[in-house]
1. May I ask you to sort 68, 33 by Cβ crowding, counting other Cβ atoms within 10 Å and putting the fewest first?
2. Please list the non-local residues whose amide H lies under 5 Å from the amide H of residue 15, H modeled 1.01 Å from N, same-chain partners needing a gap of 5 or more.
3. For residue 25, which sequence-distant residues (separation of 5 or more, or a different chain) have an amide H within less than 5 Å of its own amide H, given hydrogens modelled in the peptide plane?
4. Per residue of the stretch 21-30, in order, report the coupling 6.51 cos²θ - 1.76 cosθ + 1.60 (Karplus, θ = phi - 60°) as ³J(HN,Hα) in whole Hz, putting x for Gly and Pro.
Amino acid sequence: MALNMEDYTCEFCGGPCKNIVYASFVCDNPECLEKARVARGGPGGHMKRKAEGKPILPEDLEKAADELNGRA
Ligand SMILES: [Zn+2]
């Protein structure tokens, strides 16, 4: 399927679509790119990890937590 970006507008400001990121049509405005990123899963993609059933804590952080709790 050929996708003509000129047929689409930015989902956030309504300007001309220049990019398709995080499954959203967005223009070149960094603010709109950021909004698309947040809408897709937020900083670090934690929501996405959670949805996949993976632990939210990175291994290094879990190790640090163990040390803090005297389990290391
Ligand atoms: Zn925009």
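1. Numbers: 68 9, 33 19.
The fewest-first ordering by Cβ neighbours comes to 68, 33.
2. Counting only residues 5 or more places away or on other chains, the set is 10.
3. Placed amide hydrogens put 11 under 5 Å from residue 25.
4. 10, 6, 6, 10, 8, 9, 7, 8, 5, x
Read-outs throughout are calculated quantities, based only on the coordinates presented, and are distinct from any laboratory measurement. Owing to the predicted nature of the structure, the values given are computational and were not obtained by experimental measurement. When we count neighbours, we look across all protein chains shown, and the Cβ atoms used for this are built from the backbone with ideal geometry, even at glycine.
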